[in-house]
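Before I ask anything, here is the structure I am working with.
The values are calculated or read from the model by the stated rules, or taken from the named source; none is laboratory data. What you see is a predicted model; the values in this text were computed from it and never measured. As a convention, Cβ positions derive from the backbone with ideal geometry for all residues, glycine included, and neighbour counts pool all protein chains shown. Accessible surface is based on the protein model in full, side chains and every heavy atom, while ligands, DNA and RNA are left aside. Shrake-Rupley method; radii C 1.70, N 1.55, O 1.52, S 1.80 Å.
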Amino acid sequence: MNDSQNSKPPAIGLEKDDWIAWLEDRGEPAFRAGQILDWLFRKRVDSFDAMTNLGAGLRAALADDFRVNSLQSLTQQGSIDTTTKLLFRLHDGRYIETVVIPASPALYGEKSDRRTLCVSSQVGCAYDCRFCASGLAGFTRNLDAGEIVGQILEAERIGGERINNLVFMGMGEPLANFRNLTKAIRIINAEWGVGIGARHLTISTSGLAPQIEKLAEEPLQIRLAISLHGASDEVRETIMPVNRKYPIDRLFEALQVWRSKKNQKITFEYILIEGVNDGLDQAALLAKRARSVRAKVNLIPYNTVEGLPWKRPTPRVQEAFLGLLKSQGVQATLRREKGHDIAAACGQLRLKQETEEGIVEAPAKA
Ligand code: SAH
């Protein structure tokens, strides 16, 4: 594939209105937008030539301007707990990872028929959370809407099963890529697009308060998860630099705005890190904070990241933390880890770069 083909935008990143405008420019009727979308999202063709109810001229024009999907699927790595990590190459040679979390049989704790995909929103991450692998090599660029949507289509093609739940908890800070994120969400949610209900879409953020307020204005009933990880500014600041820009009180103002617009419960993600944020004083503060916005709390025992010093607390400490939250009337769970053995668990996704020996992990930032 040559460079000009490489740089063509993915057709799956366009909304219905974009297609209508594109068709209008070519003197084509608007109803063709529905036909194109049907080929892309229902029939899932991989070339414009396969769109047999369109004329040859229109198919050629499509192929001149777009490619169907710009993600190149490289490897799939399965975990003993059934999660699968997918590695994709982007048109500019960058890499992203996506994690498939299949329905869990009763054997693995809670039985669920949710087939969840954990998608990336950026190449790398600029927020530099001290415990997370994704920020280690810094920030490279935003994903476009087609690259976000493409992760779902590729995961469904590879796995042969429809995804019915989506979490923006892969690489990157989704709210720092607001325009492309919201465009992707419209495509993912639409009947003419991927067709996943808004209630099955969760945006996870490190706490960008103004963008949370902006997202609250969007009409969809999407879910919000906050990576809290500390219940006082003092603790949160040591592990999440973003807290200096948006301290906890500012963040909670935004959460109140969110609550006034949405009726879904907010989730707090709280990684338990030994000796950092796992004290019962933090648990008590967290309980108070959670009650103030009626949030539920998802405790995540820290997943080790090579090159980072943190450890998870003992199960006894984890249970004590959970117990305190519950005793204060907070809905809380302790998450069973998934994908740890293939470094696909939360916070373990990081940039890859290719060398002559193949794909290797990008070096950690000094
Ligand atoms: N930037 C967004 C989305 C990516 S992180 C955000 O911060 O929410 C998705 C989840 O993985 C977050 O809750 C994040 O804090 C968590 N996470 C990061 N590193 C982790 C680690 N080493 N162990 C467990 N969870 C981790």
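How about the range 129-234: which helices (runs of 4 or more DSSP H) wholly inside it have at least 3 residues that are within 21 Å of Q72 (Cβ to Cβ)?
Values: elements: 145-159, 178-189, 209-216.
Once the helices (runs of 4 or more DSSP H) in the range 129-234 are filtered for at least 3 residues that are within 21 Å of Q72 (Cβ to Cβ), what remains is 145-159, 178-189.
Going through L40, L117 one at a time, which residue ends up being closer than 30 Å to P241 by Cβ and either free of Cβ contacts under 8 Å to residues at least 60 places away in the same chain or not assigned by TED's automatic domain parsing to the domain that holds N303 (or both)? Give the steps one after another, and end with the answer.
Values: L40 fails: closer than 30 Å to P241 by Cβ.
So the residue among L40, L117 that is closer than 30 Å to P241 by Cβ and either free of Cβ contacts under 8 Å to residues at least 60 places away in the same chain or not assigned by TED's automatic domain parsing to the domain that holds N303 (or both) is L117.
Which condition from (1) more than 10 Å from the ligand (Cβ to nearest atom); (2) in contact with a strand residue (DSSP E or B) (Cβ under 6 Å, 6 or more places away or on another chain); (3) open to solvent by less than 40 Å² (accessible area, probe 1.4 Å) is the one that E269 breaks?
(1)
Report the residue count in the range 72-102 for those that are over 19 Å from R141 (Cβ atoms), surrounded by 17 or more Cβ atoms within 10 Å (Cβ to Cβ) and over 18 Å from the mean Cα position of the chain (by Cα).
Qualifying residue count for the region: 2.
If you scan the range 319-332, which residues turn out to be open to solvent by less than 90 Å² (accessible area, probe 1.4 Å) and under 26 Å from the mean Cα position of the chain (by Cα)? Show your work before the answer.
First, pick out the residues of the range 319-332 that are open to solvent by less than 90 Å² (accessible area, probe 1.4 Å): 320-325, 327-330, 332.
L322, V330, A332 - these are the residues of the range 319-332 that are open to solvent by less than 90 Å² (accessible area, probe 1.4 Å) and under 26 Å from the mean Cα position of the chain (by Cα).
Same structure again: Is at least one residue of the range 152-161 within 21 Å of S70 (Cα to Cα) and within 15 Å of the ligand (Cβ to nearest atom)? Before the answer, list the steps.
Initial filter on the range 152-161 (within 21 Å of S70 (Cα to Cα)): 152-161.
From the residues that got through so far, the ones that are within 15 Å of the ligand (Cβ to nearest atom) too are none.
No; the residues of the range 152-161 include none that is within 21 Å of S70 (Cα to Cα) and within 15 Å of the ligand (Cβ to nearest atom).
Just to verify a result, which residue in the range 224-241, among those that are touching a residue at least 60 places away in the same chain (Cβ under 8 Å) and in contact with an Asp or Glu (Cβ under 8 Å, 6 or more places away or on another chain), is farthest from the ligand (Cβ to nearest atom)?
Only one residue fits best here, namely P241.
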